[in-house]
Amino acid sequence: MSFMIAENIKQKIDYWLSKYPADRKRSAIVEALLLVQEQNQGWLSEEAMNAVASYLDLLPIFVYEVATFYDMYELKPIGQHKIAICTNLSCQLRGAEKIVEHFKARLGVGLGETTADGKFSLREVECMAACDGAPMCQVDDRKCYPNLTQERVDELLKELSKEK
Ligand code: FES
């Protein structure tokens with residue numbers, strides 16, 4: 001099945017392309033993949049990656065290399081909300097382990113898993129350069145939630161559960 005990049009997504013990719021010389025389209029792969037991932041319900045199918053390669057006029061291998069290297073790309077379908085919890089040093093020292101356990105208990109899934117209702121996927125990630133707010137997590141590759149406590153996790157899940 002072929003994948004069509006939406007017009008509004010193409011415009012956003014063009015914005016990133018405009019930042020680089022015309023013969024350096026590979027520089028826009030990272031952002032293009034994030035945008036297409038967002039369009040495709042949070043994950044990158046092979047067709048979606050091929051569409052990015054085609055739009056950037058690159059060999060698909062250049063796109064696959066990026067998509068399989070970085071943590072923020074999902075290569076399988078995931079839940080409606082991706083919760084990425086940092087467990088690197090600063091977050092670890094400020095209680096990330098307890099935060100992970102609380103998320104797991106509240107959602108009934110482990111790291112790398114998705115809830116049965118398809119609402120949440122839990123991920124463990126490396127430092128997200130937001131150590132001043134440790135322990136922290138990021139939701140849907142965009143929004144950071146710093147200074148997590150068990151109470152703040154409960155509030156976050158309540159807030160996200162309200163979204164359709
Ligand atoms: S260690 Fe968690 S954001 Fe840096």
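The values are calculated or read from the model by the stated rules, or taken from the named source; none is laboratory data. Source: prediction; values computed, not measured. A quick note on method: Cβ atoms are made from the backbone with ideal geometry, for glycine too, and the neighbour counts reach across all protein chains shown. Please note that ligands, DNA and RNA were not included when accessible areas were found on the heavy atoms of the full protein model with its side chains. Shrake-Rupley method; radii C 1.70, N 1.55, O 1.52, S 1.80 Å.
Relative to one another, the C-alpha centroids of region 1-76 and region 116-131 are positioned 21 Å apart.
Derived from the Cα gyration tensor, the three semi-axes of the equivalent ellipsoid of region 7-69 are 17, 14, 9 Å, largest first. Largest first, the extents of the alpha carbon coordinates of region 36-164 on the three principal axes equal 47, 31, 20 Å. Region 85-110 and region 132-163 have their alpha-carbon centroids 11 Å apart. The lysines within cross-link reach of Lys119, meaning a Cα-to-Cα straight distance under 25 Å and a gap of 8 or more places when in the same chain, are Lys76, Lys82, Lys98, Lys104, Lys143, Lys158, Lys162, Lys164.
Taking the Cβ of Asp71 as the center, what net charge do the other residues with Cβ under 12 Å away carry, scoring Lys and Arg +1 and Asp and Glu -1? Can you show the working numbers first?
Values: positive: Lys82, Arg123; negative: Glu74, Glu124, Glu126, Asp141.
Computed value for this residue: -2.
Computed over region 7-132, relative contact order equals 20 percent, with contacts defined as Cα pairs under 8 Å that lie 6+ residues apart. Descending by average beta-carbon neighbour count within 10 Å, the peptides 152-158, 3-9 line up as 152-158, 3-9, the highest first.
On region 7-69, 53 percent of the accessible area sits on carbon and sulfur atoms, based on a 1.4 Å probe.
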